[in-house]
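Asker: I have a structure here, written as structure tokens, and I will follow up with some questions on it.
Taken together, the values in this text are just the output of simple stated rules run on the coordinates, not laboratory data. Remember, predicted model here, so these are calculated numbers, not experimental data. Cβ placement follows ideal geometry from the backbone for every residue including glycine, while neighbour counts extend to all protein chains displayed.
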Amino acid sequence: MSSTTTEPMSPREPAPSNSSMSSRSGTQHLPGPTFLRVLNSEVIKFRSLLSTLILLASTAVVMVGFGALSAWGTGQFADAATRDPQAAARMAAQGGDLAVSVPTSGIAFAQLILGSLGVLLMSSEFTTGMARSTFAAVPRRLPAFAAKLVVVMVTSFVVTAVSTWVAGLVAVPILDNYGLQLDPGSSQSVKLLLVNSVYVAAVAAIGMALGTLIRNSAGGIMSLVGIFFVAPIAFQLIPGDFFKEARKYLPGNTVDPLTATEHVPDTLEAWEAALVLGAWVVVPLLLAAVLLKRRDV
């Protein structure tokens, strides 16, 4: 008869934790993409596209070209006013310094180009299928949306400000030939430069919101054109006090109250115009951010 010996049972060892397993296997849990990393990737993507560079260069050329053309036209108008009493009366009726607004004469075209750039920045993500890769890398989506917004607004502001300043330098010698003075460093010139640059950046933000909401480049650009070009004309042609009053609250009509030296009758106050423009930017962006989180890619 054989005897068997049993060893005392040892207490059960605790299961290895995830951290110990990962340390044993030599792997580490890397943090998700930070906003600065996402912003850097969007900057690289933005500057690597040839179409983006073409649109930015077109904005600068249009701004400087229209500044030179406007300087020549203003000089011709001032020269005619010295010989024609009717032209002199029209010039006096316009009031103010005509030369100071010459560098910003191309803003209407700059807002169209850079606003369209804002549309394309988001709509192209969906039309090309890049949105799947973008939001797979940034699953929360909002950091990518915010990074694109920062890129397009900062770029639009800088390009508009630099183009306006160069347009002013080009316009100075042209206006001198007609005896008109333009000081790009005056307080009014600086105010026009800053306000118009902020305005174009706001238009680019609105364009990006439209591109996110509509997800179609043509539809987003046409909506942008409708808001900033078609609606003001339509509201002016349609009779009635309602449309006359509503026209003041269109985003394209907020620049003049913000840059006027004195309040112009039948326009918003400067602080009212700032609030209206801010609302036109914030409301579409919030709606676009909410739908971006809820929609499928």
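Asker: Could you name the lysines in cross-link range of Lys45, using Cα to Cα under 27 Å and dropping any fewer than eight places away on the same chain?
Answerer: Partners found: Lys148, Lys293.
Asker: Then there's this: For Lys248, list the lysines whose Cα falls under 23 Å from its own Cα; do not include residues on the same chain fewer than 8 positions away.
Answerer: Lys191
Asker: Once you have the Cα-Cα distance between Asn177 and Trp271, take 0.36 nm times their residue separation minus that, and quote the gain in nm to one decimal.
Answerer: 30.0 nm
Asker: Going by C-beta contacts inside 10 Å, put Leu39, Leu142 in order with the fewest on the left.
Answerer: Ordered by Cβ neighbours within 10 Å, fewest first: Leu142, Leu39.
Asker: I need the semi-axes of the equivalent ellipsoid of the stretch 137-197: take the C-alpha gyration tensor, multiply each eigenvalue by 5, square-root it, list largest first in whole angstrom.
Answerer: 38, 10, 5
Asker: Here's a follow-up. Cα-based Rg of the stretch 40-294 per 2.2 N^0.38 Å, rounded to two decimals?
Answerer: Computed over Cα atoms of the stretch 40-294, the ratio equals 1.10.
Asker: Applying a 10 Å radius around every beta-carbon, put 48-58, 205-215 in order of their mean neighbour count, most first.
Answerer: Sorting 48-58, 205-215 by mean packing, highest first, produces 205-215, 48-58.
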